[in-house]
Each structure stands twice: as structure tokens, then as C-alpha cells.
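Visitor: Have a look at this one before I ask anything.
The values are calculated or read from the model by the stated rules, or taken from the named source; none is laboratory data. Everything numeric here is computed off the predicted structure, so don't read it as measured data. Positions of Cβ are generated from backbone atoms using ideal geometry, with glycine treated the same way; all protein chains shown enter the neighbour counts. The protein model used for the area step is the full one, side chains on, heavy atoms only, and it has no ligands, DNA or RNA in it. Shrake-Rupley method; radii C 1.70, N 1.55, O 1.52, S 1.80 Å.
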Amino acid sequence: MTSIQQRAELQRRIWQIANDVRGAVDGWDFKQYVLGTLFYRFISENFAAYIEGGDDGVDYAALSDLVITPEIRDDAVKTKGYFIYPSQLFVNVAAKANTNESLNTDLAKIFSLIESSAIGYPSERDIRGLFADFDTTSNRLGNTVKDKNARLAAVLKGVADLDFGTFDDSHIDLFGDAYEFLISNYAANAGKSGGEFFTPQQVSKLIAQLAMHGQTSINKIYDPACGSGSLLLQAKKHFDQHIIEDGFFGQELNHTTYNLARMNMFLHNVNYDKFNIQLGDTLIEPHFGGDKPFDAIVSNPPYSVKWKGSDDPTLINDDRFAPAGVLAPKSKADFAFVLHALSYLSAKGRAAIVCFPGIFYRSGAEQKIRQYLVDNNYVETVIALASNLFYGTTIAVNILVLAKNKQNNKIQFIDASGLFKKETNNNALLDVHVEQIMAVFDSKANVDHFAYSVPFDKVAANDYNLSVSSYIDAKDNREVVDIAQLNAELKTTVAKIDQLRKDIDAIVAEIEGEETKV
């Protein structure tokens, strides 16, 4: 079985488990239990493997909790960031789940102990609250303790039965791939709410490649609106991990999604000391001011959301927004995210940001911010993508690429709106499309109806309009008509019609003549 077939089989099985077990519970509400259980199994097996150290003679799951010394515990937490006793491991809890009448409270206790194991250690911030959304007492699981335990046991058994051991580690990111598949499916089935925390994989790949293009190494990568962390992890997946020297940084406003992002990091084997995901409002309470600048920034911030803006008079003096001389409109925070990213960007780095297309042509404050970006030569490329690529919106969004080290003052525009594959519910960007975009992004070549590098003065003269359609003519796919040939054909057709009418008139006259004789 090939790695592609293996992945497809794994995904089919895990989605079937997610649907079979949830029963009448809405899939969106139930996602935390499936995702959380997968995470629980992963950290259990990952931790056991660390303790065993590759020694086939050691089976950590079979040991008694009593043999664990304080020194073993202390060393493990310093290295892995958390501690799990043998009795708390997923494999041992799942084995007794069907007969455990206190399963729901036992799980709650175990999750609490895993989180508290990090208290006082550098990993405390990264572990705290990881299982907060895995509420084992919730009525979503059932009205009685018996019902709750039955559903929890079914989830545990379903995840336990997934045979990750038959998959080839060198070809498939086992747990990470399964987790990402689940998140994407939940997002696809959740409508608008799903699109708020997950960027489709191929679009994520494009954004990561744009941000890291041409850099042999970067200090760190940052996403100011990181959702479930999918954009950050694309950078890890498609580049050698060592190219990112100091790790992955992100901030997320939604608490549940913040937990998903941290779990996602662990599931992709990013150790606690190599990522820093923070909770909060990036525009009002930004983290990582002491960690900037970043060599690579990726982001798919929420489109046209409201923010404080001019209601907070201190924001115009904020280092992130002050250089532009104006704040993004209160009803449309898009450019606030753009300016935030720009202020965190290093002199050699790039930021690739998904943007709502309206910000590139509207007047007022947004036009003034565009002028600031263009006059200071920060805009490298604007890419128009196809419509209906994202979950929860059919809008044809753009990608804005910012850089502080441009070699000329031209701005590149790429019309990739025709690059997509039609699928059942959404359009999809394929690898071949990503390659086409990256090739022209790298070369900066002018390609009819696809890419054009525009001099600064032309953009300035056009009211700093950055809409791709203002600089690239759409290809005319209408059939070319030869007018001379068409006229000749019409002349011939008219002559035939005239002759046909004469013939019909003659026949009619002949018939009428015969009737007169009679």
C-alpha cells in the first residue's frame, strides 16, 4: 500500500469513528472529544517512547506508578514539558474504559494531573489548560453518568483501534496528519465558523512558501492570528525543521482554537520549547513585542472584523500604526492586521497575508494606508486567488506579500483566479497551481494575462489602487470571429434564402393556377 493509500485509509477510518461515536451530538460540538482523545493518545505514546529510550526490554505502560522517582519525574518534565504516570497512559485507561463506572471523573482527574505536572517548570504556560475543552461532565455526552461513560469509552476504543503502527513514519506524519485531517473536515462542515480557524492545506502551503522564499534559514516564524496553527505547521512540513532556528510563534483570540493550536504543535512533534502560542487580541493586547523581529510572517486574519480603532485614542500613537498616520476603519480591521505584521517583520523577511479584496481599492483611511505601504516600498506582490477556496466564504481573496528589502520599486501583480480545481463544495488549489504561482513570483517575469510588475509611479498615479484587475487584463476567452468570412457566409446564405423564396413563390403560383383551371 502506498503512502497516499495509507493516508486515505487512515482518514476514512478516523472520520467514520468521529461520526459513528457522536450519535445525535452535533459534529462541531463533538469535535473536542475526538481531537482531544487523539491528542491524549499521542502524548501518552510519545511520552512512553521517551521514557523507554528505545530499550525493547522496558515497557513503561506495564510499570507501577510507585517505581517512578522524583528525579525521573523532574527530568522528564524538563525535557518533554509534562509527566504522565503509567496508570494514566491512554493505553491503560482505554483498556478498562468499558468497565470503568467512574471513567468520566477519572479522565478529568488524569487531564488535570498532566497539566499540573508542568507547574513551576518552563513549560507551564504551554501545558496549562490544554484539556480545558475536553469536558467529561458535559451533557453533550449524555444525560446520565452511564451515558457519558459509554460515549467516552466508545471514543477511546475507536481511537485505540487506529493502527498507526502499520504506517511508514518516513512518508506520513502519523498523528499530525490525522489531526489535521479531522480539523479540516470539521471546518468544512462547520460553514463560516470553520473558516475562522483553519486555512486549507494547499493555500497554507503557498503562503508558507511565499513567506520563506529564498531564505536558507530564518530566525523564527510568526502568525498574529494563528487559528489552529495550520499556517505555521505548513512551514515545518515543507521545509527542513532546522531552517527555523528559534521556533514557531502565534497568537489566537478564541480560547478553544488556541488550545487546538497548542495540541497541533505537539502532534507535529514540535516540542514545548520550540513554540510559543499565546491567547489574546492581537490588535489590542499584542504579545511577542520582545521577540520581534521575525524573518517570516504568515497570516489569514479574520476578514473585515470590527475593532476599537479610533475609539481608543492611544492606538494612533502605537508603534505599529503610527507610521501610517491613520488607523484602519473601526468596521474593517484588515489593514490593522497588515500594519501589525509589518511592524513585526525583520529587515530581511517577508510577510504573506490573506486579505479581503476590498481593502485594495477602497478610499479613505485604507487608501492612505496603501499609500504609506507603496511610498515606503513595502509591497512586493499582490496575488488574486480563485473564489470559493476557503471554508465559510466564496469570496475570491488576495494574498499580500510584504518585504523590507526589495531591490526595486516595482510591485508585482499575479492573477491566479483561474488556477483551481472544481470540487463538490469548494474549489481547490493544487500543487501544480502553487508551483505556477511560485515560479512567476520568483522570476518576476511579465506573463500576458497572468503576471505584471508595475512601476511605482503608475500605482501612485492610480490612487494607490492595488487591485490585481487594475493592472492585468483578463484573458478574452470568447471565440475569435472573422468578420469578412462571416459577411461572405451571410451573403451566400441570403442569396440562398432569396432563391428559396422564388422557388416557393413559383410552386405556390403553379398550385394556384391549377386550382383556377378546376
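Visitor: Out of the residues in region 403-421 meeting the condition of being farther than 20 Å from ILE472 by Cα and touching a strand residue (DSSP E or B) at 6+ places or on another chain (Cβ under 8 Å), tell me which one is most open to solvent (accessible area, probe 1.4 Å).
Guide: LYS421
Visitor: Residues that are open to solvent by 20 Å² or more (accessible area, probe 1.4 Å), within 20 Å of VAL434 (Cβ to Cβ) and at pLDDT 75 or above: find the helices (runs of 4 or more DSSP H) completely inside region 171-226 holding 1 or more of those.
Guide: 174-188, 201-212
Visitor: Which one is most open to solvent (accessible area, probe 1.4 Å), of the residues in region 278-325 that are assigned to a loop (DSSP other than H, G, I, E, B) and of a type in the set (Val, Ile, Thr)?
Guide: Among them, the one singled out is THR314.
Visitor: For ALA97, all conditions in the list (1) within 18 Å of LEU38 (Cα to Cα); (2) surrounded by fewer than 15 Cβ atoms within 10 Å (Cβ to Cβ); (3) over 34 Å from the mean Cα position of the chain (by Cα) hold save one; what is the number of the exception?
Guide: Condition (2) is where ALA97 drops out.
Visitor: How about region 100-120: which of its residues are open to solvent by 50 Å² or more (accessible area, probe 1.4 Å) and over 18 Å from ASP133 (Cα atoms)?
Guide: Passing the criteria: GLU101, ILE119, GLY120.
Visitor: If you don't mind, there's one more thing I want to ask. In the list ALA474, ALA461, which residue meets the criterion of being within 29 Å of the chain's Cα centre (by Cα), open to solvent by 60 Å² or more (accessible area, probe 1.4 Å) and farther than 18 Å from LEU400 by Cβ?
Guide: When all the criteria are applied, what remains is ALA474.
Visitor: Could I ask something else about it? If only one of TYR361, TYR378 is touching a residue at least 24 places away in the same chain (Cβ under 8 Å), open to solvent by 40 Å² or more (accessible area, probe 1.4 Å), among the hydroxyl-bearing types (Ser, Thr, Tyr) and in contact with a helix residue (DSSP H, G or I) (Cβ under 7 Å, 6 or more places away or on another chain), which one is it? It would help to see each step written out before you state the result.
Guide: Values: TYR361 fails: in contact with a helix residue (DSSP H, G or I) (Cβ under 7 Å, 6 or more places away or on another chain).
None of the other options fit; the residue is TYR378.
Visitor: Can you tell me which residues in region 217-231 are of a type outside the set (A, V, I, L, M), touching a Lys or Arg at 6+ places or on another chain (Cβ under 9 Å) and over 12 Å from ASP291 (Cβ atoms)?
Guide: GLY229
Visitor: How many residues are of a type in the set (A, V, I, L, M, F, W, C) and open to solvent by 10 Å² or more (accessible area, probe 1.4 Å) if we restrict to region 328-341?
Guide: The initial filter retains those residues of region 328-341 that are of a type in the set (A, V, I, L, M, F, W, C), namely 328, 333, 335-339, 341.
Still in the running and open to solvent by 10 Å² or more (accessible area, probe 1.4 Å): 337.
Residues flagged as of a type in the set (A, V, I, L, M, F, W, C) and open to solvent by 10 Å² or more (accessible area, probe 1.4 Å) within region 328-341 amount to 1.
Visitor: Hey, another quick one. Please count how many residues of region 227-252 are surrounded by 24 or more Cβ atoms within 10 Å (Cβ to Cβ), more than 22 Å from VAL338 (Cα to Cα) and touching a residue at least 60 places away in the same chain (Cβ under 8 Å).
Guide: 0
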